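The values are calculated or read from the model by the stated rules, or taken from the named source; none is laboratory data. Only a predicted model underlies this, so the values are computations on that prediction, with no experimental measurement involved. Ideal geometry is used to build each Cβ from the backbone, glycine not excepted, and the neighbour counts take in all protein chains shown.
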Amino acid sequence: MIEHSRARRTDPITSWMAADSVKLAAKEHSVIIVNCLFDFGPLGKDGIAARTGLDGNQVARRLSELQKDDYICLTGEFVKSKSGRMEREWMIKPVGGKYK
């Protein structure tokens, strides 16, 4: 998976240190999310969180990165979140992406 910058050039050193400490966890979360979508099919953020044990915020932060990396994409559909609001539905990228 592609590594994403988690701190800006202008951030203080403490932000860079915090960003470094999250790198491994972010990669692990990405793998967990992709595996969840592979196993369960299209889901919203809260559906992914419920099935993986990850926090909704952890899932949300990885979804856009995985989309940029061409692993997942939006289905164009919406599903209910755990609060009853509508949220976007995600799926494994169809043939032509990195997962076939």
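How many residues does the range 45-100 hold that are in contact with a strand residue (DSSP E or B) (Cβ under 7 Å, 6 or more places away or on another chain) and among the acidic types (D, E)?
5
Within the range 69-80, restricting attention to residues that are modelled with pLDDT of 95 or more and not hydroxyl-bearing (S, T, Y), which residue is farthest from K93 (Cα to Cα)?
K80
If we keep just the residues of the range 1-53 that are modelled with pLDDT of 95 or more and not in a helix (DSSP H, G or I), which is surrounded by the fewest Cβ atoms within 10 Å (Cβ to Cβ)?
G53
I'd like to verify a number: residues in the range 57-78 that are in contact with a Lys or Arg (Cβ under 7 Å, 6 or more places away or on another chain), assigned to a helix (DSSP H, G or I) and more than 17 Å from F38 (Cα to Cα), how many?
1
Among the residues of the range 38-50, how many are on the phi < 0 side of the Ramachandran plot, out of contact with any helix residue (DSSP H, G or I) (no Cβ under 7 Å at 6 or more places or on another chain) and free of Cβ contacts under 8 Å to residues at least 60 places away in the same chain? Even if it seems obvious, please write down each step before you answer.
Residues of the range 38-50 that are on the phi < 0 side of the Ramachandran plot, as a first pass: 38-40, 42-50.
Right, trim to out of contact with any helix residue (DSSP H, G or I) (no Cβ under 7 Å at 6 or more places or on another chain) and you get 38-39, 42, 44, 47, 50.
From the residues that got through so far, the ones that are free of Cβ contacts under 8 Å to residues at least 60 places away in the same chain too are 39, 42, 44, 47, 50.
So the answer is 5.
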